[in-house]
Structures are given as structure tokens and as C-alpha cells.
Amino acid sequence: MEGDGPIYLGVDIGGTFTDLIMIPRNGRMKAVKTLTTPGDLETGVLSAVRLMAETIGIAPRDLLQRVEIFGHGTTQATNALIERKGTRTGLITTRGFGDTIGLQRLLGLTVGLSADQLGWYSKRRYPEPIVPRTFRREVPERVDHAGRVLLALDEGAARKAVAELAAAGVKAFAVALLWSFRNPAHERRIGEIIRETCPDAYVTLSSEISPIIGEYERTAATVLNSYLAPSVAGYLGRVEGVLRESGFRGKFYILNSVGGVMPAREAARKPVLLLASGPAGGVLGSLQLAKFLGYRNVITTDMGGTSFDVSLIVDGKVLISSSHEAGGYHLNTPMIDIRAVGAGGGSIARVENGLLRIGPESAGAKPGPVCYGLGGLLPTVTDANVVLGIISSDNFLGGRMKLDRKAAEEAIRREIAEPLGLCVEEAAAGIVRVVDAHMADILRGITIGRGYDPRDFVIFAYGGAGPAHCTGFGSELGARRIVIPATSMVHSAYGALASDIHESRERSLLMRGGGGRNELWEGIDAVCVAEVFAELDRHCLAAIEDAGIAARDTMLVRTIDMRYRRQTHDLTVVLPPGPVGQDTIRAAVAQFETDYEAAYGRGAGFREAGIELTIFRSQATGRPRKPELSGSGAKTAGRPGSRNVFDPIARRWVPMSVWQWLDLPAGHRLAGPAIIEHPETTVYVGAGHIAVLHPAGHLSIDLAGGDPAGGA
Amino acid sequence: MIASQASTSRPEETAIDPITFEVIRHKLQAITEEQGLTLKRVSGSPVVTEATDFNNGLYLADGSIVTMGPQVIFHTGTMTTVIRSIIKDFGSRGDIQEGDMFILNDPYRGAVHQPDVSIVAPVFYQGRHIAWAGSCAHQLDVGGMSFGSWAYAATDVQQEAMLLTGLKLIEGGRLRQDIWQMIMSMTRLPNYLGLDFKGMIAANNVAIQRLITLFQRYGAPTVEAVMIGEINASERRFRSRLREIPDGIFRARDYIEHDGHANRLYEVCLAVHKAGEELVFDLEGTSAQAPGFINCTWSGLKGALLTGLLPILAPDIRWNEGVLKPVTINAPEGILCNAKWPAPVSGATVCAVWIVMNVSVSALSRMVGCVPGLMHEAQAVTKGQMSVLTLGGRNRDGEAYGTLLLDSMAGGGGASLDRDGLDGSGDYDVPRPAIANVEANEALGPILYLFRSFVPDTGGAGRRRGGASTGLALLPYDVDGLDAMVIGHGVEVPNSIGLSGGLPGGCACHLLRRSSEAVSSLLQKYHDAGSLLEDAEVQDLGAKPGGFRIGPGDVFAYLFQGGGGYGDPLQRDPGLVARDVALGYVTSHWAAELYGVILDAAGAPDMTATAVKRREIRLSRLGGGEMKAAPSANSGEGRALRISPDGHFCCACGADLGQVDRNWKDMASCRTVEPILCGPHLRLHEELELREFSCPQCAALLELEVCRRDEQSLWNIELHLRPEGDDLKIITL
């Protein structure tokens, strides 16, 4: 049934499951899940491939031989960082500044504390250091803000530092000197010395991995890259090796956190770019889907057991942030802007002083919600859904797992209903309403907080718990439409398969324009800007070409981060395509002013202060040719089942239709309140909402009662 | 008194279902977060964007705090005073109208000091005044005799800065250009001030819009009921917290040197009376107000006491008016921390306020230290000092340049029962501290750093070590020179006192090295604090040198206080001391002198030599007396003063230290010690001395007290056990 054309595979390895998704030429997606095999992840990948081959009835080798592109999203880098299982790394810095990584600009001591916990000083801790002070060395040298050498590198001291660190068992080196992104000569020389002295050691130079102003974040990116590189390279080599031995001859791409996939070889050199590879998969999958469905503005929401990950697609592009946190450190490498909040199906509800509180504590996967019967005693959001009848205790995960509804009821009665003087279903409905409202607050914060109106966005909902809550938080937010992707349960794997090749290069450089009565663009040297971009473009395009993508399938986007002088918040402005000249600069500056007012209100900017250009970035996207998804092809809808569900908004029991997602034919519309079940998840469609199955298998839910089948 | 201020009429807390309550409650919190984000985005000042020296909040119509942001805590306790002052001045005339915003920086009307400008806005709905939204941010300059409005030479408040006593900056939704122009003409940095004001106005507007949306959806009475309910919930929780603590009096004392004119010593005395569900902060005994700018007004006093109170007593309670209700402040008028008009106060936040915060932390830590369930919240003082450095002049491109460098936040954290202090901790009043990158500062202005790094032996020694502090050196670069201004304290007063026998963290210092050397040679010479401290020609500038010029070749350097230690240093695990030495936070010399830990050639503790050295130190504590008991094994809960089931204080070794309602110090062994016995960075003002109190039996260090030579030692813990209560059960383990 898959014919004999090329096959595309995407795999995502989660903590519990390894998800594999396959799209053959006809676009009929297939997905399988196998148990993740900790410590030996490649085995889990291979068994997923075998299971897929079995599902479609061909030999694994035949399947792999037909695979054109194998995309992989990996949490290997993240896990190695969190578990502090990287390589022993030595850091070499400018003399006088070796403590930069230890001081962390003081940001480290509040990492991971929620706003509620910030005042709890006895909980403050610095993260476990990646490079303890004993593995740091300072060398005499100094470069100034303009890149001028004030003190030549003391090569003897550098050699001594390298030798000492090597003797201390350091296997990877990080070199991060002040202002090296303005003048990398000293860093490069130290790099050469390391390669001469320890040819087998891994080396990262800050001027190469993250040539951006801000020594703490640049040092952190450099250190993390070296710390992670050997283990990530080893891991990627093993996975690729296993696949190649089994017949795979196609391209092996790794999903990065920046906006696409990159060849495995490149990924192994820059593991710091993989740090959000897991959640990025879902966002990038959403990006592809948004393009296909014609949506320009999307809020992506991934609600799992413990966390709610949110990001934005604005005007057809994912938002990239250049400041984020990983493993207790702060990085300035570009990364998809994903906000993770501790709220999910496993969030624990409790009564405190007569008030209902939910999370941030989570029951996680173990012991999990009370209804799992794995020892959980505290009621969770999932328990509330089971009590309300939204999640079926008999048909959870397609019936593979029986849920103990009685126990869930009992826990909610004991912990919530009785202390609050409510009946059990009112208490459960309360939990759902509170969670939905909190999530809506979060979505409002990330949209309005960036100057966007949430009503201009379509919500994509995925992750195990998302489909049960999306119409709740979507209505609360005032959104009009929600899309639950056909791939929602393997959305990260889909992202690894579907994403474009992405390469970006950036450079930190300060240019000023305007000031006083001058036009803002006056004083910006267009020739210099053009030269900077020529260099950045060249690197990006070469990398895309190396990955085997033709120039005609490659798109280049140039951006400049700009700000009004004396203001510290940059906006990223996209340059018009084509050669860079005076007109391009003027257009970009005009765009900046428009965007600034949109984000911060009329008159927020201080025009007279002039403008500063800070970071220049080229991003090349290479589009491998891949089939689009198409639907499963059910012809007619079966008759829905029915069960009593307690409507959390109307607060009464209502008999609701229960539909099976996979049995719905394309174009089928149904009106809420209703339940749509899927072997991996449950969708709740609220009263007044209308759901329609898209031909490619996605579910669209219109919250305003309009026509969800209509275009964007 | 705080308790008596919240009195105007308000709707009753009405019955409201807990689900709606939680939904609305979360939205109020989200609004406050959005206020903070908005201000930060618009502002261009590093004080706001990097150091987060600002705060926002929502208030009831009478000024009661409903929510506050996680930024500088000083402000929020005080914005309510600002609002109440506006209500008093304008409300009586019926002059608080929809669309108005008021601006105020008068310390005698609610501001902590003049640079902390508040803009507050009444929130109306359907013609009724329901709430206030407020924003407050530290401004880089609000005029007056000195740059940055740190008027170290002032003798009265009129000289210090512009005084905005509560003006309608926005009237009926329109910005008053006349007022705006007047304000902008009085500052040296109108661009920064303008942006910050715009940011505060935008933040208030966001809050007003969001609140109105809430009123429309849920009805104003419901939202008000949630606001009041939140306050009541916090009050209930706080009162029940207070019930867990035995009654008694908990005292602390701290000092500040130099009032801007002369190096005089001032002291702040605090006695916290805890009885039942009430707390009284009594400032009796505090020095009379100073002739210089180091004083603070009532507002600063209140903000500072709260800053100590909230993280220690209410870390898990939402901070709002409810926490203030059981609290009363008694402070005579005309003292250092409740100055009488027109005393100068522009240095309040970094002077008197800081000292009040220190004594609040110390007294309350002594209090919770008596309660096993709360003693983990007790902390030695975190960087009990502040140093302000402003730089001004011309930038590389000839434009005016001025900045307030905030690197001095990177002092050491106070240690506590179960953990060392943070090495580089940020200031206690800032829940989420941050300092700027060196590269960011060098890009912004014509300066060059020579180093910014930890300084060894700055953390107070203790069973748990106080956090190490940092130091930095910089010089003017690319320009002829810069005008610097330095005001600080804690260079001759060890403010970061230890707890439970821990030693104070090292003192701060301000150094200047005049030279005509080239930058490259200075880079070679001065690459850490030690290289400057050992330089024979370096000048020690003292606490408040005020303004001076740094020219080409001149190097300015400063070091901040380390954190106080917790527990007797001789009880620290020698392995941990060895690790501190390996990591460079403690030198081997001071490992031996302070911790009694002798390391072998490989850096591992020599246990035999260590035992000998520790015994030697113990004997010296008893002044030649014999030890009558072996030091208790390093186990148990680690408190120096324990309470026996018969209501006595005792040492871990079992030695009796008297009834809990008597001064335990009368029973302890006491001697005066030289500062050099407590670490290389400890220095004392000529009027101060250090007194060591040890167990008369085992010589365990119980307290190291910083005290005026002519003063009696402080009776710091006095418990009033209720005969009928369970107090003893609560406080004995």
C-alpha cells in the first residue's frame, strides 16, 4: 500500500517512548511507538524501525533501503547536561575573568524557581558547576571593545594552562576570551596550542560557537558545547552506524533548537544547538503544518504530563530567542523561543487555606495520577478529567490501560471536595476550569507580552493532555480556532521528519544611526552591512549545499537586531530580500519603528536618541522535497457512542456523543459538546464548538461556532 | 504604625466560590507580571533592566497591597505609603479622578529616597474608584547637588534632589507637558528619566486595562472580594505562622560609619517583641538622626523591616497587606531610621535602610532559629553593605555619559543551618538579582575592567561558610578621565554578621591607585584583588570618599562584603575546608587560623595536626582556662544555643547557659578578639570591638558580637515561655 517510492522517517526519543513516524510517497502517515531503551537508545530506534516494517509488511532492510531522509530529534544533549554526564571540560579565559562562569551574572541562583518561589531564599542554589574552579585557567591577554589588542597573548602561559588541564584529566577544552567575537586571534592561537598539545581533545572557541556580545552567556555556550560534544558525537555516530548497517543509505538529519534540521556531522560539532531539540520538534512540526494549512499566526501548545510548552509562529516564522536557560546556565545561541510552565495532566490539586491550588508540583509518570493505580494518592488534573467522564476509564490509550475512576473520585472527594464543601464533580470541574484559566493566562502573557493579540492566532494543541483541555483554555483566551494535528501524539517525530534544513550564522557588531534630528538610517554604512551579510550568507549557503540541497530549494533570510539607543530591548527585523543597499537599510529601519510601536505602544521609543544595530544574522533554509500528509480515507462516519459527561462550564451532567477520530471521514463536522477519542488521546469539544476533520487527518475546532473548514 | 493605617472603608469579603477565586487570583498575579515586563521593556536604564531596581503592584482603593512583583522588596512596602499620602493630600479635595496618574518621590511622603520615583494610578470602573496600580523605579538622576542624586555633602533635604510631593503627571488621561518639562529640566539624564517614566506609565496603563477587563467579566464586587480574600488569606497564614513561634524578645544591633561629613559611627537597635499572633518592631536605642544623607524616613524603615521579614517568616505566604497586619513598628521620631524633616536622606537605600534590613534579618533569624520547623529559614547576614559607584563625563563619541555601576551586588550570601552561603549572592532585597556583563558595561561607556572575580577569605568562617564576595578594578578608557563618586559603608564595620557562632564576612573596601602607567602595564600588574591590596601605593578611600577624578593610568577598585558564617568554624568538616582551599575560596593559611584545619602537601586534611590546632584555638577561647567537656560530635541540628526540656539554654555539649528568660551571655565565657583573628578582610572602626562568647565547658563558639567598645553586650534572645502552653514542646527537638 506504500508503493515502492522513497520513504521518509522521523524519530523522537522521549523518556518513556520512542516515536517513529513514516511518510511514504502517497502521504499516508504511519506512526509506531516502542519503549525507549535507556543507555542503549539506538536499539530502541532499531526496534521501532522493525515494528514499522512489520506494520506495513516489508522487511526492515527493504524499508531502510528506501529511506531518503531519516530525521532525528534527540534529547541526548539535554539529558547529558541535566544529569551532568558530559566530558570533563577545562576552560581558558582572559586573566581576571575566570569567575565569569561561576558568577553567572548572579542569574544562576534563581534558575528554576517559579515567581512564587523567588522569595524563598533558603531554596536558592547555584547549579552544579559544569567547570569547577579547579578546571579553569586564566591567561594574560586582553582585547578591547573595538577588537584592538591591549595585551598580547602570553603563549607560554597558555601552554602551561593547557598542560595543567590536560594533566588534570580534561578531555574537552573551552576557550572564551573577552571581546573575542571582535577579534578572535587570541582564541584561535590558543585553539592551535591545544590541538598541538592534546590532538585528541575536543575544542570549542567562543568566537566560533557564539560570536555575540555578553561574555557570560558566550562562555556558557562554549563550555556546554565542549562538555556535550564528545558524548553527543558518540551517540549520533552509533545511531547512524546501526542504521547504515541495516541498509539505510539516505541522509541522516538531526533536529536542532534553532529552526530546522542539520546534517548529523554538523550537529555533532555543535551540540549546544541541540539543547531544545525535543520540544523544538513539535514547534517545527507545527510550522510545516501551518504552512500547509495556510495559517500565518499560530500558538503552539504541547501539554504533557508535567509541562506545558508554548511557543509562537508569527507571520509564518517561529520566534527565535537569543537568551535562554539550559541546565542552570544561560546561553545566547539562537533557539526557538519556547516557554515551559510546570502544568500538565499530572499537576497536583490541593486545598490551601480554603482555596483551590493546582501545581506546580506534579505526580509525573510515577506514581502518576491516582487513576493509574500506580500508587499516586494526590488528585491530579487527569483524575479530574476521568471523574468528569471526559477521559474514559475503559478506553484510555485505546483501552490498553484501565483507569481506576473510583480511586480518582475518592481522592478528589477527600482532598478537594470535602475541604471546599463541594460535590465531587463540582470539585473536578473546578480543577479543570482553574487549569484552563491558568493556561489561558500563560498564553495571554506570551502573546500580549510581546505585543500580539491572541485573537489573531490559531492554537495548535498536541501532547497527551492537550486535546482534552484546548477548547477550555482556547475559549478562555478568546481564540477562534484550534487545530489538533493528525500527528499530535508523535508531533516531535513529525517535526524531525518534516523540517527544513536550517543554518544560521550571526555576528555581533555595533552600528549607529540617527540621533538628534537626523533620520534614523543616516550614518549606517550600507556597504559595511552588505559585507557583513556577504560573509554570513556564504557560510550558511555552503553548509546547506553540503547537506545536499540545491540552491533553488534554498531560501535566505537576513535579520538585524535593532534598538533605540539607551534602550536595552532589541527587536529582530527582517531585511527585504535581494542585494543589501541603502534602500534595504531604510526599509528595515522603518520596519523596526513600526514593530516597536506595535510591541510597546505609541511613543514608547525615544527616536531622538538614535538607533543601534547589534546582531546581524543570516538564516538559510533548504527545503528537501517531501510528500505532504494525506488522510486515512475513511468514507463514512460510524455512529457515535454516548456517555454522560459533567460539562465543566455548564456544571451539569450531559449525555455526550463519543466519536472515534480514526473512523471519521474527511470533512465530517460535529457539534459539541462531544468527545472524540483516539488511541493515544482524548479530545473534548465544548458546547457551541464545531469540529471538522481535515482531509489530511487533522481536527479543526471552531470555538466561535463559525466554519472551521474555511481557510485561514 | 502599620496596623493603624488601613482603615478607610472597603467592601466586605463576600462569599465567592473557590474556583472563581483561584481563577481571578491568578489573573491578578499575571497582571502584576505584565506590569513588570512592560516597564522593563520600555526602560533603557540598566538599573531597571539589569538590576531590576523597581517594583509594581496592585492595591485596594485605600492603598492596601494586593500583589507585588518579585523585584526590589524595599519599594512595595513603601508604594502603599505613597498611595496613602496621595489619598491624604488629594482625596480630601475630591481630586483623585479617572485617568489621573500621580508622581511622587518625596521621602517624607512615602518614597524611600528621592531617586525612587513612584507613579501611581487610581483604577476606576463605572465611576467608582476600586483600586490602584503603581510602579516605582530607581532613577539614574533626579537632580540636586551631586550626580545620581546621591547628595553626600547635603545638610538638608532641599539640597538633595527635586522633590515631587505628589503631582498629577497625567490628568484625565492627558500628560501634563508643563510638569513633564519641569521635571526633565531638573535631571542630568532626561533621556533615561523620560524612558523610565514612559515605562511606568505604560505599566500602569496595562494594569488598568487588564483590571477593567476583569471587572467587566466577573463584576467589580467579585474581583474586589478576591483581592480582599487574598489579603485575608495571607493574614490568616501569617498569624498561624506566628503562633508556631514562642513569645519573646529578639534583638539585633548594627552600625554604620561615616555620615557624608565625618567618619562618625551610628547604630540601629532593633527589638522584635513577639507575643501571640503579633509582632512589634521597636527601634528604641537607635542613634539620633545624622547631619548627612545616610538617614531614612518612616517609609524606608518600613520597607527595610519588611525586606527582612518576608523571606524569613513568610517565604511560602503570598506577600500582600495581610502579612503587614499583625506587625506594628515603634520608632521614636528624629532617629537615624525615622528622620525628621528636613534631615537629608538621599543615601537612605544604601545606608540606614540597609542597616535596618540587616538587623531585621538578624533578629528574625534568631527568632526562627528557636523553632525546629522554621530554623532552616534563619540566615546569617548577606552582604550587609552597599557601595555605590557612579561614573560621569564624556563618552568616546563626546556625548554625555553617566552610569551607576551595579556590580557591587555580587557580594557573599549569608550561611544557614544546612548550607553554605552563596558565593556571589546578590543583595538581600532583590529576589532575582542580576549584574551586567563586563562587555556590556565596556560597550556602554569609556571604561575598561582589569578583573572581576571572587576574593579569597571574604566569606565568614563557620560550620557553614559564608559566601565569598567579589571585587573588581576598572579604569577610564578611550577618554581623558571620568568623574567618579563612591559612597558606601561597611569598610570598617563587619555588617555581615554570622549566626550561631559563625564569623562575619569580610569588610568592603574602596581603593584608588594613581599612576601614569600604560594600560598594558596595568593589565599585567593588577589582575586580582590581592595584587591591589598588596600594592604599597594604593590609597584606601574609606567609606564615603564622595567625588573624585580618575584620570589616565588611575585604577579604581572595590571589594564588597562576604556573607556571614553559620556555626562554630571549628565544627566545619575538614574535608569541606580542604575543598574550599582547592577551589580557592579559602587560602590554606586561613584554613588553619579560622577553621583549625591543617592540610598536607596533597591538599588533604591532616587529621592529627588539625585536632591539635583546633584544641589550641579552643583553649585560647577560654583565655587559658581548661576545657571541662569535649566538644560535641558534629551531629545534631547544628545550632549553637539549644533549649533543654527544663527551659534552659544549653550548649550542644550539655553545658547549662541559664533560663531562657535570662541573658545566656552571662553564663558564657567571653573575651575580646582582634579583627585579624577573624579573617584578613575584617577591619574595625575605632569605636568598635569584637567580643567572642564561647561555651565555658567545651569552648564551642556561640556568638561573635560586633559591639561598640563602651556598650554592654546585647541580650539577643529572651524567651517568654507561657506556663500553660506547648512552647517547650515546640522549641525542643
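The values are calculated or read from the model by the stated rules, or taken from the named source; none is laboratory data. Everything quoted here is computed from the prediction, not taken from an experiment. Here the Cβ positions follow ideal geometry from the backbone for every residue, glycine too, while neighbour counts run over all protein chains shown. Each accessible area value is taken on the protein alone, full model and side chains, heavy atoms only, with ligands, DNA and RNA left out. Shrake-Rupley method; radii C 1.70, N 1.55, O 1.52, S 1.80 Å.
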Kindly indicate whether any position in segment A:316-324 is under 26 Å from A:His502 (Cα atoms), in contact with a His (Cβ under 9 Å, 6 or more places away or on another chain) and surrounded by fewer than 24 Cβ atoms within 10 Å (Cβ to Cβ). yes
The number of residues in segment A:1-56 that are in a strand (DSSP E or B) and under 30 Å from A:Ala80 (Cα atoms) is 17
When residues of segment A:96-116 are limited to those that are touching a helix residue (DSSP H, G or I) at 6+ places or on another chain (Cβ under 7 Å) and of a type in the set (Gly, Ala, Ser), the one most open to solvent (accessible area, probe 1.4 Å): A:Ala115
When segment B:263-303 is examined, which residues are found to be of a type in the set (Lys, Arg) and within 24 Å of B:Asn320 (Cβ to Cβ)? B:Lys274, B:Lys302
What are the pairs with Cβ atoms under 7 angstrom where one residue, in segment A:269-286, is farther than 19 Å from A:Tyr329 by Cβ and the other, located anywhere, is of a type in the set (Phe, Trp, Tyr)? Sequence gap at least six, or different chains. A:Gly282/A:Tyr462; A:Gly285/A:Tyr494; A:Ser286/A:Phe460
Which numbered condition trips up A:Gly344, out of (1) within 12 Å of chain B (Cβ to nearest Cβ); (2) open to solvent by less than 10 Å² (accessible area, probe 1.4 Å)? (1)
Evaluate segment B:403-414: report whether one residue or more is hydroxyl-bearing (Ser, Thr, Tyr), surrounded by 24 or more Cβ atoms within 10 Å (Cβ to Cβ) and either under 28 Å from B:Ile717 (Cα atoms) or touching a His at 6+ places or on another chain (Cβ under 9 Å) (or both). no
So, of the residues in segment A:117-131 that are within 8 Å of chain B (Cβ to nearest Cβ) and in contact (Cβ under 8 Å) with a residue 12 or more places away in the chain, which turns out to be surrounded by the fewest Cβ atoms within 10 Å (Cβ to Cβ)? A:Arg125
Please verify whether B:Leu364 is over 22 Å from B:Pro569 (Cα atoms) and part of a helix (DSSP H, G or I), treating the condition exactly as stated. yes
Given the options B:Thr38, B:Thr32, B:Thr49, name the one that is under 26 Å from A:Glu476 (Cβ atoms), within 14 Å of chain A (Cβ to nearest Cβ) and modelled with pLDDT under 90. B:Thr38
Of the residues A:Pro24, A:Pro60, which is open to solvent by 10 Å² or more (accessible area, probe 1.4 Å) and either more than 29 Å from A:Ala340 (Cβ to Cβ) or within 14 Å of another protein chain (Cβ to nearest Cβ) (or both)? A:Pro60
Residues that are more than 14 Å from chain B (Cβ to nearest Cβ), within 28 Å of A:Gly260 (Cβ to Cβ) and not small (Gly, Ala, Ser): does segment A:91-105 have at least one? no
Need the failing condition index for A:Leu274 against (1) in contact with a helix residue (DSSP H, G or I) (Cβ under 7 Å, 6 or more places away or on another chain); (2) open to solvent by 20 Å² or more (accessible area, probe 1.4 Å); (3) within 19 Å of A:Ile544 (Cβ to Cβ), just the number. (2)
I'd like to know if segment B:310-328 contains one or more residues that are under 30 Å from B:Trp150 (Cβ atoms), in contact (Cβ under 8 Å) with a residue 24 or more places away in the chain, in a helix (DSSP H, G or I) and not aliphatic (A, V, I, L, M). yes
Can you find a residue in segment A:478-485 that is out of contact with any strand residue (DSSP E or B) (no Cβ under 9 Å at 6 or more places or on another chain), within 14 Å of chain B (Cβ to nearest Cβ) and surrounded by fewer than 20 Cβ atoms within 10 Å (Cβ to Cβ)? yes
Heads up, the helices (runs of 4 or more DSSP H) in segment B:166-244 (entirely inside) with at least 1 residues that are within 28 Å of A:Glu476 (Cα to Cα) and at the interface with chain A (Cβ under 10 Å from one of its Cβ atoms) are B:190-218, B:220-243
Please verify whether segment A:387-400 includes one or more residues that are open to solvent by less than 10 Å² (accessible area, probe 1.4 Å), touching a helix residue (DSSP H, G or I) at 6+ places or on another chain (Cβ under 6 Å) and assigned to a helix (DSSP H, G or I). yes
Here the residues within segment B:532-575 that are out of contact with any Pro (no Cβ under 9 Å at 6 or more places or on another chain), within 14 Å of another protein chain (Cβ to nearest Cβ) and not small (Gly, Ala, Ser) are B:Leu532, B:Val555, B:Leu559, B:Phe560, B:Tyr566
Do we find a residue being open to solvent by 40 Å² or more (accessible area, probe 1.4 Å) and under 24 Å from A:Ser504 (Cβ atoms) anywhere in segment A:173-195? yes
Segment B:318-327, residues that are open to solvent by less than 10 Å² (accessible area, probe 1.4 Å) and either facing chain A (nearest Cβ under 8 Å) or not charged (D, E, K, R) (or both): B:Asn320, B:Gly322, B:Val323, B:Leu324, B:Pro326, B:Val327
Failed item in (1) at pLDDT 80 or above; (2) closer than 30 Å to A:Leu293 by Cα; (3) buried (at least 16 other Cβ atoms within 10 Å of the Cβ), with A:Phe616 passing the rest: (2)
Looking at A:Glu187, is it in contact with a helix residue (DSSP H, G or I) (Cβ under 6 Å, 6 or more places away or on another chain), under 24 Å from A:Ser231 (Cβ atoms) and modelled with pLDDT of 95 or more? yes
Residues to consider are A:Thr89, A:Thr93, A:Thr74; find the one that is surrounded by 24 or more Cβ atoms within 10 Å (Cβ to Cβ) and either in contact with an Asp or Glu (Cβ under 6 Å, 6 or more places away or on another chain) or free of Cβ contacts under 8 Å to residues at least 24 places away in the same chain (or both). A:Thr93
Of the residues in segment A:142-172, those that are open to solvent by less than 40 Å² (accessible area, probe 1.4 Å) and β-branched (Val, Ile, Thr) come to A:Val143, A:Val162, A:Val170
Determine, yes or no, whether B:Ile73 is modelled with pLDDT of 90 or more and either away from chain A (no Cβ under 14 Å) or buried (at least 24 other Cβ atoms within 10 Å of the Cβ) (or both). no
Taking B:Gly384 as the residue in question, decide whether it is within 20 Å of B:Pro569 (Cβ to Cβ), within 12 Å of chain A (Cβ to nearest Cβ) and open to solvent by less than 10 Å² (accessible area, probe 1.4 Å). no
If the requirement is being open to solvent by 10 Å² or more (accessible area, probe 1.4 Å) and in a loop (DSSP other than H, G, I, E, B), which of these qualifies: B:Gly99, B:Gly91, B:Gly63? B:Gly99
Residue pairs, Cβ under 8 Å, 6 or more apart or interchain, first in segment B:534-557 and without any contact (Cβ under 8 Å) to a residue 40 or more places away in the chain and of a type in the set (S, T, N, Q), second open to solvent by 30 Å² or more (accessible area, probe 1.4 Å) and assigned to a loop (DSSP other than H, G, I, E, B). List them. B:Gln539/B:Arg514
